[in-house]
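Beneath this line is the structure, given in structure tokens, with notes to follow.
No value in this document is a laboratory result; all are computed from the given coordinates. Everything quoted here is computed from the prediction, not taken from an experiment. Here the Cβ positions follow ideal geometry from the backbone for every residue, glycine too, while neighbour counts run over all protein chains shown.
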Amino acid sequence: MEKILVSACLVGDNCKYDGKNNLNKDVLSLTEYFDLILICPETFGGLKTPRLPSERNGKKVINQKGKDVTQNYIDGAYLSLAIAKENHVRYAMMKEKSPSCGVHQIYDGSFSHKVVDGMGITSEILKENGIEVFSENEIPLLLEKIKRNG
Ligand code: SF4
């Protein structure tokens, strides 16, 4: 079965910054079509759970106390990319609005719940390397694509 990279919090891993998850039953149902390869770029990059929330601010990622955590995010992104390459994945299913995994939207860096257009660091690096990245809101689009491409 084809493999797909998936943000681990979407299938119930408690790796979210607050120690919780973003379980999404529709994402879980992708097991009908794919072997899921779970990634959590923030923990891959050495950050602990729970951790302070962080937001992208241009090329940097800053946590709520003002600490620059960009390198953790970059390390986690490249480890995720290495896993994607090893497993020859074509697609990734990533958590919208996360500073790592966001696909179309992220928080604006002001910690005021304001959302702007943009990608998380890992999703951006996966896309730059030819992996098609979908958010949890785009499952029908992904399924349409695999039906078309086989
Ligand atoms: S880094 Fe991605 S997988 Fe990990 S908790 Fe955040 S959104 Fe979920």
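Summary table below
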read-out: Approximate shape of the range 31-77 as ellipsoid semi-axes (Cα gyration tensor, √5λ), whole Å, largest first; value: 25, 11, 10
read-out: Ranked by how many other beta carbons lie within 10 Å on average, peptides 123-133, 80-90 from highest; value: 123-133, 80-90
read-out: Cross-link reach list, aspartates and glutamates versus Lys147, counting only Cα pairs under 20 Å and skipping chain neighbours closer than eight places; value: Glu2, Asp26, Glu32, Asp35, Glu132, Glu136, Glu138
read-out: Cysteines without a disulfide-compatible neighbour (Cβ-Cβ under 4.7 Å), the chain; value: Cys9, Cys101
read-out: Stokes-Einstein D in µm²/s, Kirkwood radius over Cα pairs - the chain at 25 °C with 0.890 mPa s viscosity; value: 161 µm²/s
read-out: Rounded to 5, percent antiparallel among DSSP beta bridges of the chain; value: 40 percent
read-out: Relative contact order of the chain, pairs being alpha-carbon contacts under 8 Å that are 6 or more residues apart, as %; value: 22 percent
read-out: Cβ-Cβ FRET estimate between Ile146 and Ala82, R0 fixed at 22 Å, reported to 0.05; value: 0.40
read-out: Mean Cβ neighbour count within 10 Å, used as a protection proxy, ranking 65-73, 50-58 highest first; value: 50-58, 65-73
